[in-house]
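For reference, the structure is listed below as structure tokens.
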Amino acid sequence: METKTNMLLKVTGILMIIGGAIAIIVGIIAVAGVGLLAATLRVASWMLTLAALLSTVGAVMQLVAGIAGAKNAARPEKAMTCIALGIIVVLLSVAGNVLTCIWTRRFDFLGWTLGLALPAVYLIGAFQNHRRAA
């Protein structure tokens with residue numbers, strides 16, 4: 001019996017691959033330039049280093065989750081892997097946004113929305129696949 005591909009999971013997975021790849025490049029540039037930024041902004045460099053590293057780790061996890069989602073969209077038995085990766089991406093996004101709120105003393109609605117919207121839709125697709133496996 002052939003399993004139907006979950007297009008929601010596949011499309012969000014592809015979008016997460018694209019976003020993750022771009023974010024990895026930006027994160028590497030940020031990590032490389034943190035010393036210059038710290039000197040220019042007169043901010044403790046550990047905060048910038050932590051932010052750049054957290055961003056890069058989140059981007060790598062987003063890329064991994066995207067690959068898993070696109071690859072396993074037609075494999076309901078792999079739904080738990082996608083769910084776990086999606087939750088990790090959401091948690092890293094929340095952690096990054098909380099740190100941003102703490103450090104800037106501002107709530108960034110757009111940052112929260114953009115950081116959580118795609119992983120949330122990805123999780124919906126992963127849970128749909130999980131229901132198919134049951």
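The values are calculated or read from the model by the stated rules, or taken from the named source; none is laboratory data. Source: prediction; values computed, not measured. We place every Cβ from the backbone using ideal geometry, glycine too, and count neighbours over all the protein chains shown. To get the accessible areas, we keep the full protein, side chains included, count just its heavy atoms, and leave off ligands, DNA and RNA. Shrake-Rupley method; radii C 1.70, N 1.55, O 1.52, S 1.80 Å.
Some values worked out for this structure:
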{"read-out": "Distance between modelled label sites at Ala117 and Met80, nm, 7 Å Cα→Cβ extension", "value": "3.3"}
{"read-out": "Sequence of Lys71, Lys78 from largest to smallest accessible area, 1.4 Å probe", "value": "Lys71, Lys78"}
{"read-out": "Kirkwood-based Rg to Rh ratio, the range 48-90, C-alpha trace", "value": "1.11"}
{"read-out": "Loop-resident sites, the range 50-130, for chymotrypsin sites (Phe, Trp or Tyr not before Pro), counting at most 15 other Cβ within 10 Å (DSSP)", "value": "Phe107"}
{"read-out": "Heavy-atom SASA rank of Arg75, Arg131 (probe 1.4 Å, accessible area, largest first)", "value": "Arg131, Arg75"}
{"read-out": "Kyte-Doolittle at least -1.0, axis length at least 30 Å by Cα - qualifying DSSP helices, the chain", "value": "7-32, 45-71, 79-104, 109-133"}
{"read-out": "Förster radius 22 Å - calculated FRET efficiency between Leu99 and Val64, Cβ distance, rounded to 0.05", "value": "0.55"}
{"read-out": "Hull volume in cubic angstrom per residue (convex hull over the Cα atoms of the range 85-134)", "value": "54"}
{"read-out": "Estimated FRET transfer efficiency (Ile87, Thr49; beta-carbon r; R0 22 Å; 0.05)", "value": "0.30"}
{"read-out": "Length added when fully stretched, Thr40-His130, from 0.36 nm per residue minus Cα-Cα", "value": "27.5 nm"}
